[in-house]
1. Criterion first (modelled with pLDDT under 80 and exposed (fewer than 10 other Cβ atoms within 10 Å of the Cβ)) does S16 satisfy it?
Amino acid sequence: MGYRSTGNSGGKKGRSGRKPKSVERGLLQILDKAWPEHKRIKFFEMLAARVDEGDIEAGKYLVTYVYGKPQESHNVEGVLAVKVMYGKRND
């Protein structure tokens with residue numbers, strides 16, 4: 001139960017998984033044309049000005065963009081019992 005054979009990703013062959021880097025680069029070229037660097041700089045200057053005025057949401061956005069979202073952590077408490085069995089598998 002719950003055991004997979006090796007090589008079975010579960011996705012449709014040829015249509016699952018991450019897109020090739022060439023597709024990603026093509027998308028970045030399109031985005032660069034649609035939103036040139038001088039407009040991106042102006043946007044972040046405006047965002048930084050809003051942070052200076054005390055806009056908390058703008059600050060959250062800017063910090064998340066610059067430093068990345070903090071990793072979530074979960075504290076799990078309790079007892080975990082593991083039973084290790086040796087021998088043949090009965091599938």
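1. yes
Residue-wise test of (1) over 21 Å from the mean Cα position of the chain (by Cα); (2) assigned to a loop (DSSP other than H, G, I, E, B); (3) loosely packed, with under 10 Cβ neighbours inside 10 Å; (4) touching a residue at least 60 places away in the same chain (Cβ under 8 Å).
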| position | (1), (2), (3), (4) |
| --- | --- |
| V51 | yes, no, no, no |
| G54 | yes, yes, yes, no |
| K60 | no, no, no, no |
| T64 | no, no, no, no |
| P70 | no, yes, yes, no |
| N75 | yes, yes, yes, no |
| L80 | yes, yes, yes, no |
| K83 | yes, yes, yes, no |
| K88 | yes, yes, yes, no |
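The values are calculated or read from the model by the stated rules, or taken from the named source; none is laboratory data. Everything numeric in this text was worked out from a predicted model, so none of it was measured. Using ideal geometry, Cβ is built from the backbone for each residue, glycine included, and neighbour counts are taken over all protein chains shown.
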